[in-house]
1. Could you please find all residues in segment 50-95 being assigned to a loop (DSSP other than H, G, I, E, B) and touching a residue at least 24 places away in the same chain (Cβ under 8 Å)?
2. Does residue 89 satisfy being in contact with a Leu (Cβ under 8 Å, 6 or more places away or on another chain) and either among the hydrophobic types (A, V, I, L, M, F, W, C) or in the same structural domain as residue 150 (by TED's automatic domain parsing) (or both)?
3. Of all residues in segment 132-179, count the ones that are hydrophobic (A, V, I, L, M, F, W, C), under 25 Å from residue 91 (Cβ atoms) and either outside any helix (DSSP H, G or I) or touching a strand residue (DSSP E or B) at 6+ places or on another chain (Cβ under 9 Å) (or both).
4. What are the residue pairs meeting all of these: first residue in segment 143-159, first residue hydrophobic (A, V, I, L, M, F, W, C), second residue surrounded by 14 or more Cβ atoms within 10 Å (Cβ to Cβ) and not in a helix (DSSP H, G or I), Cβ atoms under 6 Å, and 6 or more apart or on different chains?
Amino acid sequence: MPPEPLHTNETALLQRIAEGDEQAFSTLFAAWATPLAAIAMKILKNGYARQEVVQEVFIKVWLYRDKLDKVENLGAWLRKITVNQSLLALQRHAANDKRLEAIQITQHPPIDNTSAIELKEIRRLVHEAIESLPQQRKIIYHLNRVEGKTTREIAEELQLSHGYVRNALSAALASIRERLTASGMLILMFLLHL
């Protein structure tokens, strides 16, 4: 938590920052950077991302300093901004991971006609394996693997228990693996991370 003197002079400090006082802003940063970094780290579990979030928080404070007179509880306000920025960072990282995965897939086109035929056969087998799943497992698989939702998000959306969704997804993946193994497509399991 920030040192006690900051609490007693909070209004005056915010007023000085609102007027563009960089020294007052430095005082705020020194008092709050470490506690806010700890909050971001709990959410992000990544030191570099944590630093980015803390920087974003203080950039926002500086950019919107003219509105600081409306802040009633500085600590709660800074923590809220930190949580929101951390969640945005998680979304950005998830989106970047998906784009990277898509780029990697498109960078490995079939080498020849035989590879193209094999890839087409693999896709057909995967599609058949997914279509053979019971309806609810198929929905859970689609929400997780195609839409990228977590098992917790799926459980909430379908109003099922988290444990049930995890088990259903595991069963769906096991069923797809079995079908591909029976078809002699062992390499497919590696390619699809099943």
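The values are calculated or read from the model by the stated rules, or taken from the named source; none is laboratory data. Keep in mind that what you see is a predicted model, and the values were worked out from it rather than measured. Cβ sites come from the backbone with ideal geometry, for glycine too, and all protein chains shown count toward neighbours.
1. Looking only at segment 50-95, we keep the residues that are assigned to a loop (DSSP other than H, G, I, E, B), and these are 64, 71-73.
The answer is 71, and nothing else.
2. Values: in contact with a Leu (Cβ under 8 Å, 6 or more places away or on another chain): yes; either among the hydrophobic types (A, V, I, L, M, F, W, C) or in the same structural domain as residue 150 (by TED's automatic domain parsing) (or both): yes.
So residue 89 passes the test.
3. Going through segment 132-179 one residue at a time, the tally reaches 1.
4. 143/149
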